[in-house]
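Presented below is the structure to which this report refers.
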Amino acid sequence: MDKNRVLIFDTTLRDGEQSPGATMTHEEKLEIAEMLDDMGVDIIEAGFPIASEGDFRAVTEIAKRSENATICGLSRANFKDIDRCWEAVKHAKSPRIHTFIGTSPLHRDIPGLTMDEMAERIHDCVTHARNLTENVQWSSMDATRTEWDFLKRTVDIAIKAGATTINIPDTVGYTEPVESADLIRRLIEEVDGADTVVFSTHCHNDLGMATANSLAAVAGGARQIECTINGLGERAGNTALEEVVMAMKVRQDIMPYGSRIDTTKIMNISRRVAAVSGFNVQFNKAIVGKNAFAHESGIHQDGMLKNRETFEVMRPEDVGLSGTSLPLGKHSGRAALRDKLEKLGFDLGDNELMDVFVRFKDLADRKKEVHDDDLIALMRSNEGEEDHLKLISLKVVCGTDGPQTADMVMNVDGAEKTVTATGDGPVDATFNAVKELFPHGARLQLYQVSAVTEGTDAQATVSARLEEDGRIATGQSADTDTVVASAKAYINALNRLIVRRTKSAPGADIKGVSYKDAT
Ligand code: KIV
Ligand code: ZN
């Protein structure tokens, strides 16, 4: 491989999906994996197979379907996890087992292992994984807060036991660029056999330096970057794939590294990940934010008209943003809708298209022009076939003379139920109606409304985040009627929460790890 080639390891479906509230359904995971494979990601971390039956099924299916990418699964450093991971990834043309343990003093405390015991555990687990496959990745979790001598020792043991990739995670987003580069450089210089493996960087964005730290690690000798689409991930997220890839592309003069990513596919996958995870992209987010290529001020517009390079370091087309785009209207047919949706990254089957077409027509009746953003919002509001709860109708009375009431009909597991509820305002009355029809203990953590386009007929996009027993789910919906969008977003979050209830296996998360499991 070219010595300046950087492997892109995408962990949207593992570290990204682990983010509270970012649940994806099985079908959504398969769709994202296909898009990642198609855009040229080298390694897809498809999940954490031992965490749940759902994760196992998703990793297995992605492994079976992948065309080009290596498919990787995560496993804690114990034989049971590694075996389960192998059972899932072994179907891939190119499978990888990724195993890890927290090596910093704080993380060593959790399983209560001494340094010697941990060293032995690393040796045994990497050896065990290597007996299953030749492609094994080792991660010393919280490497950037691990004592230098011990970090070196863990890396040395992993290489001797046969690991082919060594990942140095900045688990809590603690490092900074100079330190990040030095750490990799010193490991490569000082550990025997370092030249026989690929060093990898995995950064979190707690201090806003994940992209800079990842690129610095590459300057220090790392040749794999672990990242997620839109920087999705726990807390402040992971390194954003689109940022590191575009930075290397734009600044070839000082970062002569390259990836295999087709950057014109970035926008579509960004939109899709935002839609299925329920995590909106902030407007001013680098590369994929709505404003990333918008030039509002007079000075900027003038400069742009004369020479676009005045205020742009890359072209919108480079990341897959088309130039002008004509809106659809109520006379637009199915073929025009399909064509537009395909350009926006939504590849629909005939039945799905029929369903979307009906909703598009309904929207076009209420709104003169249906813009790209309207369609993206419409796609986000897609209801699932297997949803337990479905809104059938809603009538709300509100205004200056109370009381505010909501008449609601909802389908609950196949049965139609009706209620009239009151509340402090129309949205409160609506949410109370849902609660009466489907009693639950979930707490509303976030309720957010924004307009998709300009004008008073604009659709409102609503996000609702619910929490129940530590499980979090985010729902989204869009409608020209803000209260209807609110009801649907709330119901969507509840549906996702119901999926979560059945999905999470106790003790299967990375943070509450039990290392006492059998090796
Ligand atoms: O942040 C981290 O350390 C991780 C590891 C499991 C690689 O996600
Ligand atoms: Zn991580």
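Across region 142-252 the C-alpha pair distances fall into 5 Å bins from zero in the proportions 2, 14, 24, 25, 18, 11, 6, 0 percent. Counting only Cβ charges, +1 for Lys and Arg and -1 for Asp and Glu, the dipole size of region 298-380 around its Cα centre is about 340 debye. If R0 is taken as 45 Å, the Cβ-Cβ distance between Asp365 and Glu317 corresponds to a FRET efficiency of 0.85. Measuring against 31 Å, Cα to Cα, the residue pairs Lys64/Lys285; Lys64/Lys361; Lys64/Lys265; Lys285/Lys367; Lys367/Lys488; Lys64/Lys343 contain Lys64/Lys285; Lys64/Lys361 as the ones spanning a longer distance.
Taking every C-alpha pair closer than 8 Å and separated by at least 6 residues, the mean separation divided by the residue count of region 371-494 gives a relative contact order of 22 percent.
Once you keep just the Cα pairs under 8 angstrom separated by 6 or more residues, what percentage relative contact order results for the chain? This gives 12 percent for the chain.
Could you tell me how many degrees, from 0 to 90 and to the nearest 10, lie between the Cα long axis of helix 210-219 and the main elongation axis, the longest principal axis, of the Cα atoms of the chain? Helix 210-219 and the main axis of the chain meet at about 30 degrees.
Report the extension gain between Leu326 and Glu27 in nm, rounded to one decimal, defined as 0.36 nm multiplied by the number of residues separating them, less their alpha carbon distance.
Details: separation 299, 0.36 × 299 = 107.64 nm, distance 3.06 nm.
Net length gain for the segment: 104.6 nm.
Hey, got the dipole for region 131-170? About the Cα centre, +1 on K and R Cβ, -1 on D and E Cβ, debye to the nearest 20?
Dipole of region 131-170, to the nearest 20 debye: 80 debye.
Along each principal axis, taking the top coordinate minus the bottom one, the Cα set of region 298-380 gives 46, 25, 20 Å in descending order. Axis angle, to the nearest 10 degrees, between helix 53-65 and the longest C-alpha principal axis of the chain: 80 degrees. Taking label points 7 Å from Cα along the Cα-to-Cβ direction, Asp206 and Asp38 give a separation of 3.7 nm.
For region 343-448, run through the GluC sites (Glu not before Pro) and keep only the ones in DSSP coil with at most 12 other Cβ atoms within 10 Å of their Cβ.
The qualifying sites are Glu385, Glu386.
Label positions at Glu147 and Asp182, each projected 7 Å from the Cα along the C-beta direction, are separated by 1.9 nm. Once you treat every alpha carbon in region 7-286 as an equal point and sum by Debye, what is log10 I(q)/I(0) at q = 0.11, 0.14, 0.15 Å⁻¹? Log10 I(q)/I(0), no solvent term: -0.56, -0.94, -1.10.
Estimated from the Cβ-Cβ distance and a Förster radius of 56 angstrom, the FRET efficiency linking Glu416 and Asp124 is about 0.45. Among the trypsin sites (Lys or Arg not before Pro) in region 60-132, those located in a DSSP loop and surrounded by at most 13 other Cβ atoms within 10 Å of their own Cβ are Lys93.
Over the chain, what portion of Cα pair distances is larger than 32 Å, expressed as a whole percent? Roughly 46 percent, rounded to a whole number.
All other residues whose Cβ lies under 9 angstrom from that of Thr70 are scored, Lys and Arg at +1 and Asp and Glu at -1, for a net of +1.
Checking every one of the GluC sites (Glu not before Pro) in region 1-52 against DSSP loop status and a limit of 13 other Cβ atoms within 10 Å picks out no site at all.
Between helix 79-89 and the chain there is an angle of about 60 degrees, using the helix long axis and the longest principal axis of the Cα atoms. Per the Kirkwood formula applied to alpha carbons, region 348-396 shows a radius of gyration over Rh ratio, Rg over Rh, of 0.99. Each residue, Arg65 and Lys395, gets one label point 7 Å from its Cα in the Cβ direction; the gap between the two is 4.3 nm. Rounded to the nearest 20 debye, the dipole size of the chain about its Cα centre is 300 debye, using +1 on the Cβ of Lys and Arg and -1 on the Cβ of Asp and Glu. Each of Ser393, Ser381, Ser139 was scored by other Cβ atoms within 10 Å of its Cβ. Arranged with the fewest first, they read Ser393, Ser381, Ser139. Short-range pairs are left out: with C-alpha atoms under 8 Å and at least six residues apart, the relative contact order of region 298-380 is 30 percent.
For Lys290 and Arg5, a Förster radius of 41 Å and the Cβ-Cβ distance give a FRET efficiency of 0.80, rounded to the nearest 0.05.
Values quoted throughout were computed directly from the atomic coordinates according to the rules given, and no laboratory measurement underlies them. Predicted model, so just to flag it, every value in this text is computed and none were measured. Backbone-built Cβ (ideal geometry, glycine too); neighbour counts: all protein chains shown.
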